[in-house]
1. So what are the ³J(HN,Hα) numbers for segment 239-248, from phi and the Karplus equation (6.51, -1.76, 1.60; θ = phi - 60°), rounded to whole Hz, Gly and Pro as x?
2. With a ≥ b ≥ c the root eigenvalues of the C-alpha gyration tensor of segment 395-524, is it rounded (a/c under 1.5), prolate (a/b larger than b/c) or oblate?
3. HN-Hα J couplings of segment 256-262 from phi, Karplus 6.51/-1.76/1.60, θ = phi - 60°, integer Hz, Gly and Pro as x?
4. Taking 41 Å as R0, compute the FRET efficiency from the Cβ-Cβ separation of residue 262 and residue 38 and round it to 0.05.
5. Testing the spin-label approximation: label points 7 Å from Cα along Cα→Cβ at residue 557 and residue 364. State their distance in nm.
6. Cα-based Rg (one decimal) and Dmax (whole number) for segment 360-454, in Å?
7. Apply the a/c threshold of 1.5 to the C-alpha gyration tensor of segment 232-341 and tell me whether it is rounded, prolate or oblate.
8. Quick one: compute the contact order of segment 575-643, relative version, from alpha carbon pairs under 8 angstrom and 6+ residues apart, as a percent.
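The values are calculated or read from the model by the stated rules, or taken from the named source; none is laboratory data. Model, not experiment: these values are computed from the prediction. With ideal geometry, Cβ positions are generated from the backbone for all residues, glycine too; neighbour counts draw on all protein chains shown. Areas reflect the complete protein model, heavy atoms only, side chains present, ligands, DNA and RNA absent. Shrake-Rupley method; radii C 1.70, N 1.55, O 1.52, S 1.80 Å.
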Amino acid sequence: MQEVTATSRHYVDRLFDPDPQKVLQGVIDMKNAVIGNNKQKANLIVLGAVPRLLYLLQQGSSSSELRTECAVVLGSLAMGTENNIKSLVDCHIIPALLQGLLCPDLIFIEACLRCLRTVFISPVTPVQLLYTDPTVIPHLMSLLSRSQRTQEYITQIFSHCCKTPEHQTVLFNHGAIQNIAPLLISPSYKVLHSVLLSVLVDGELLAQVFVRMMQRDQPVEMQLTAAKCLTYMCRAGAVRTDDGCIVLKTLPCLVRMCSKERLLEERVEGAETLAYLMEPDVELQRIASVTDHLVAMLADYFKYPSSVSAITDIKRLDHDLKHAHELRQAAFRLYASLGSNDEDIRKKITETENMMDRIVSGLSESSIKVRLAAVRCLHSLSRSVQQLRTSFHDHAVWKPLMKLLQNAPDEVLVMASSTLCNLLLEFSPSKEPILESGVIELLCSLTQSDSPALRVNGIWALMNMAFQADQKVKGEIVRALGTEQLFRLLSDPDTNVLMKTLGLLRNLLSTRPHIDQIMSSHGKQILQAVTLILEGDHSIEVKEQTLCILANIADGNTAKELLMTNDDILQKIKYYMGHSNVKLQLAATFCISNLIWNEEDGSQERQDKLRELGFVDILHKLTQASDPNLCDRAKTAMQQYLA
């Protein structure tokens, strides 16, 4: 303690040096010393650093760099315990920082605001201190537009200091709605939703104010802005998706914006916002799909401008021709959102006139945004078994999709490869022609991407391809991927990649001749990888999948012997049979079942060896297990010994 206090005193003494340069250096050193060190913070407060820092911060003669650094250190001290905050408040930090906001230097203002935010967020700070000086709130409102940081800190201060009807009134009277509502238009300002919820306007909740703004007699721009505000509030979790203001007001208002009477940009914005609103909610998707014939209305987005177009204004026509692709993009985006869950809606979309042809031509449009929206739409529809079997096949959708996969930007690649995964499912008629088009190389190259999403999709598609495939296809996958890459993927830091790679391995190691063939050429490496995973710090799902691979290997004819001669692996199986998780016990017991199965060559020797290793005792114990499946599996295995 003596030591800490001595160094702390040294920091404080330097704040009184007559040389301003040394004072600045002292403050910077203090800043580095207190980061994450609560003991050091408490010592500096006890030794009187706060009044001196506040004095330097308020001195007109201090350089703006020194003043900023003082504000940063004070902010750091405030990040400590509640006692620290109490001490800071007692030293009158709040009026000093509020005074600092009058300085013209933006970086200093941001540092003061950041510190104020930290102080006001604490439950021990009296909120009333924000309202003591009547000039503070209007000044904060005027600082909102200075930078994204000032917006973030000020709105957080308001949300923490808006506790009573009086506070709400003060904020409202100083234009909180007018100043803050525009920030809502950008979905990146998630911070701001907390502020707006607590604001009452003339005793009415903000949501109700927006509902009034969406009435049909209001200007269209206002209706659309209000609908967007409610959409963002809904997506941020501030308004429920089944709330009347969403279902009965916002959704119908956005659907109205999609009608052909509206201007191009209103139709685009309406469709994009509606897509965003209902993206995560199947109920809203169902409601929208039966509102005002929306699915058919969107088909008009592709016929724009039509020859009978009522646009008489040449300038307007010229503008709209240049922007017609935005309509197609918005329509694809909305179709994607509408069809992301419900089978009937997908059917309705694909049966809309020329829909599949439109998607196919969208995949090769010059605008990258349209291509991305078209492939999102295709991906959404590809989740339907019915569509994969019918319209996808009839329109040979896989051809333009494969073309899109050549040198596209990552965003498009992720969507296109996700869609391809679905087209490679065993019941998809497109699987065969895709296989023949040389897709394996392409998918193997995706598994080497820096993007985890692309690695997942590459390996996922290969996994789907290997499912119930013939030996030729499996051999091609192993050859193209290369064992080195396969084992690299088995130690991938991304769990999804690891799970899909295990899935691929499991699909490759199915049916006896295939198991024996792959194990005879790669057995040693596969068992090494399996051992590492079973020893590693992985989830239950990963370990279960790994044990299932061992159970498949145990089902081979010659592959069995590789397990029987590997004591390390046998000990691991034994360990997992006694694990606390039933899924792992089941999978491990299945391995043993396959090894001791009676009707197979050498079963007697295998049974004897496993008896010596203590497996019979464990099986016997498991026949008393509380889980019925585990109990049955253990009994079945025990019967092999009795037969």
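1. Karplus values, whole Hz, x for Gly and Pro: 10, 6, 5, 9, 5, x, 5, 8, 5, 8.
2. It comes out oblate by the Cα gyration axes.
3. Each residue of segment 256-262 in turn: 4, 5, 8, 6, 6, 6, 6 Hz.
4. Computed FRET efficiency for residue 262 and residue 38: 0.10.
5. 5.0
6. Reported Rg and Dmax, both Å: 12.4, 35.
7. Prolate is the answer for segment 232-341, as a/c is 1.5 or above and a/b outweighs b/c.
8. Relative contact order, segment 575-643: 32 percent.
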